[in-house]
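Okay, structure first, notes after.
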Amino acid sequence: MNPEPKTLNPEPLSIGYSPCPNDTFIFYALTHGLVPLRRATLAEPVLADVEQLNLWARQGRLDVSKLSFHALGHLTGDYVLLSSGAALGRGCGPLLVSGDASFRVNENSRIAVPGTYTTAALLLALFAPQVKQTVVLRFDKIMAAVQKGDVDAGVIIHEGRFTYPGMGLFCIQDLGLWWEEETGYPIPLGCIAARASLEDDVLLDINQGIRKSLQWIRQHHGQGMAYIRSHAQELDDAVLADHIDLYVNDFSENLGGEGVAAVRELLARGREQSIFAGSGELKWVP
């Protein structure tokens with residue numbers, strides 16, 4: 001019998017991802033021991049809102065983390081992009097919504113965003129650079145703030161994409177659709193990144209483990225739903241299924257050439273507006 005390969009990192013690696021259904025769906029098998037890693041071990045995962053994860057990454061807190069691509073643009077010297085686990089696609093971008101169907105963005109508009117370093121905030125800056133007043137709210141507080149008139153409009157993500165009409169709100173602009181028409185690329189929303197200082201074998205192992213975790217749950221239909229449901233903001237099974245179907249796709253298994261090109265385009269446009277001043281070249285694990 002061949003001995004098991006030695007773990008290059010004897011200490012468990014810290015890992016964080018969001019409680020959103022697409023992330024818990026992808027990571028279920030990996031974090032429940034159904035897909036073993038060969039070169040690394042993972043600590044108990046920390047689940048937190050993506051903006052909290054973005055802020056922790058800027059502090060270098062986690063070894064492996066879900067990040068907004070916006071946040072990654074500021075951290076290309078510290079984290080490398082994994083080609084598995086990402087949320088990137090077509091028809092899945094953030095929506096700019098308002099309680100006024102005739103609302104149009106102007107320089108005096110007050111618009112809520114779900115975090116300074118979210119891709120939603122970056123897309124708003126690229127779409128409407130004239131906006132000077134953004135209000136940072138947790139993603140699940142934005143629609144209520146728009147409904148009450150605390151802000152003129154808000155950029156919504158996650159389950160809000162499916163539920164905003166029920167709150168009497170109107171879609172002013174699908175920012176993902178704007179991006180697709182502007183660039184021809186799918187919209188890069190979120191990714192899994194790992195500390196750049198980790199050994200190459202460990203990075204490859206984690207990347208492959210995430211890919212196998214997604215493959216496992218796709219092959220075991222219905223398993224993991226109790227875990228996914230326990231962390232979701234929205235408990236309706238149909239909404240959960242729609243959420244997973246929208247944000248988990250072939251790009252989640254492997255970004256590939258088109259996915260990486262879309263990420264490079266997003267970061268390049270951010271640099272053009274001096275949003276990523278001083279950021280380094282994107283590094284990624286195939």
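Within the range 157-175, being open to solvent by less than 40 Å² (accessible area, probe 1.4 Å) and modelled with pLDDT of 95 or more holds for 169, 172, 174, 175. Considering the range 250-259, and only residues there that are under 16 Å from residue 92 (Cβ atoms) and assigned to a helix (DSSP H, G or I), the residue that is most open to solvent (accessible area, probe 1.4 Å) turns out to be 250. Sub-7 Å Cβ pairs linking a first residue in the range 151-168 that is more than 12 Å from residue 233 (Cβ to Cβ) to a second residue that is among the basic types (Lys, Arg) and open to solvent by 40 Å² or more (accessible area, probe 1.4 Å), at least 6 apart or interchain, are 151/110; 152/110, ordered by first then second residue.
In the condition set (1) farther than 21 Å from residue 157 by Cα; (2) surrounded by 15 or more Cβ atoms within 10 Å (Cβ to Cβ); (3) under 19 Å from the mean Cα position of the chain (by Cα), residue 286 is compliant with all but (2).
Look at residue 272 and say whether it is charged (D, E, K, R) and in contact (Cβ under 8 Å) with a residue 12 or more places away in the chain. The answer is no for residue 272.
The values are calculated or read from the model by the stated rules, or taken from the named source; none is laboratory data. What you are looking at is a predicted structure, and each value in this text was computed from that prediction instead of being measured. Every residue, glycine as well, gets a Cβ built from its backbone with ideal geometry; the counts of neighbours run over all protein chains shown. We work out accessible area using only protein heavy atoms, side chains counted, and drop any ligands, DNA or RNA first. Shrake-Rupley method; radii C 1.70, N 1.55, O 1.52, S 1.80 Å.
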